[in-house]
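First the structure, in the form of structure tokens, and then the observations on it.
What follows is calculated from the coordinates using simple rules that are stated; it is not laboratory data. From a predicted model like this one, the values you see are computed outputs, not experimental measurements. Please note: Cβ atoms are built from the backbone with ideal geometry, for glycine as well, and neighbour counts cover all protein chains shown.
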Amino acid sequence: MENIILGLLLLQPRSIYQLRKRIEQGLNLMYSCSMGSIQAAVKKLLGGGYIVVSDVSSEGRAVKTYAITEQGRAYFSKWVNSPLENDFGKNRELAKIYFMGFSDKANRVSVVEKYIEDLNTTYQKLDFICTEGDRLISKEYNDILFFQLQSAKYGRDCVRFNIEWYKNFLKELR
């Protein structure tokens, strides 16, 4: 979470609310965006000197805004330039499939159908992000947005694979 926050703060200073909102807009597939996890990461980054906080007036009220420090830039740079790790994400729902033989037979189909609905909702959100991203890439941020868009496309394609897999599973289940 810390590196996600540092990356977002590289783009612009943000409040915790703005960080959460941006994470919810697509990054939540990579990291949990609970307010508690964001606050814990911000506290850790502040303690390490990677970010600073300032009170900014917004619509007549003080808002704590966080910005990245040079030390934070160096920390982020070290992380983003390190080799990719082969740590394929864990799928907790697959454990339910593994043990579904113990579940109520009458409930199995509806559980899978609901999951497919949820996957379709996620797919629609990611597809919107990808479509908008393709439209918005500008010369100024082309390099940054290209890679952000690729991660969204990866997420969208993974969700599409899951939708098809669960549809086939549902056919076999029926």
Quiz item: For the chain, modelled as a GNM with alpha-carbon contacts under 10 angstrom, which of Leu46, Leu11, Leu94 fluctuates the most?
Solution: Leu94
Exercise. Mind telling me which of Glu132, Glu59, Glu24 comes out most flexible in a GNM of the chain, alpha-carbon contacts under 10 Å?
Key: Glu59
Quiz item: By counting other Cβ atoms within 10 Å of each Cβ, how are Phe102, Phe169 ranked from fewest to most?
Solution: Phe102, Phe169
Quiz prompt | Modelled FRET efficiency - R0 41 Å, Ser151 with Ser57, Cβ distances, 0.05 increments | solution = 0.75
Self-check item: Reachable lysines, given that their alpha-carbon falls under 29 Å from the alpha-carbon of Lys171 and they are not under 8 places away in the same chain
Solution: Lys90, Lys96, Lys105, Lys114, Lys125, Lys153
Practice problem: Averaging sequence separations of C-alpha pairs under 8 Å and six or more residues apart, then dividing by the length of segment 92-173, give the relative contact order as a whole percent. | Solution: 41 percent
Quiz item: Tell me, Kirkwood radius of the chain from alpha-carbon pair distances, in Å?
Solution: 18.7 Å
Quiz prompt | GNM flexibility winner over the chain from Lys114, Lys153, Lys125 (Cα, springs under 10 Å) | solution = Lys114
Practice problem: Normalising by the residue count of segment 2-80, find the relative contact order in percent from Cα pairs under 8 Å and 6+ residues apart. | Solution: 39 percent
Practice problem: Normalising by the residue count of the chain, find the relative contact order in percent from Cα pairs under 8 Å and 6+ residues apart. | Solution: 20 percent
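Set the Förster radius R0 to 35 Å, insert the Cβ-Cβ distance between Ser77 and Glu164 as r into 1/(1 + (r/R0)^6), and round the FRET efficiency to 0.05.
Working: r = 38 Å, r/R0 = 1.09.
According to the calculation, E is roughly 0.35.
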Quiz item: Among rounded, prolate and oblate, which fits segment 92-173 when a ≥ b ≥ c are the square roots of the eigenvalues of its C-alpha gyration tensor, a/c under 1.5 means rounded, and a/b larger than b/c means prolate?
Solution: prolate
Exercise. Could you pull out every one of the lysines with an alpha carbon less than 26 Å from that of Lys64, ignoring same-chain neighbours closer than 8 positions?
Key: Lys21, Lys43, Lys44
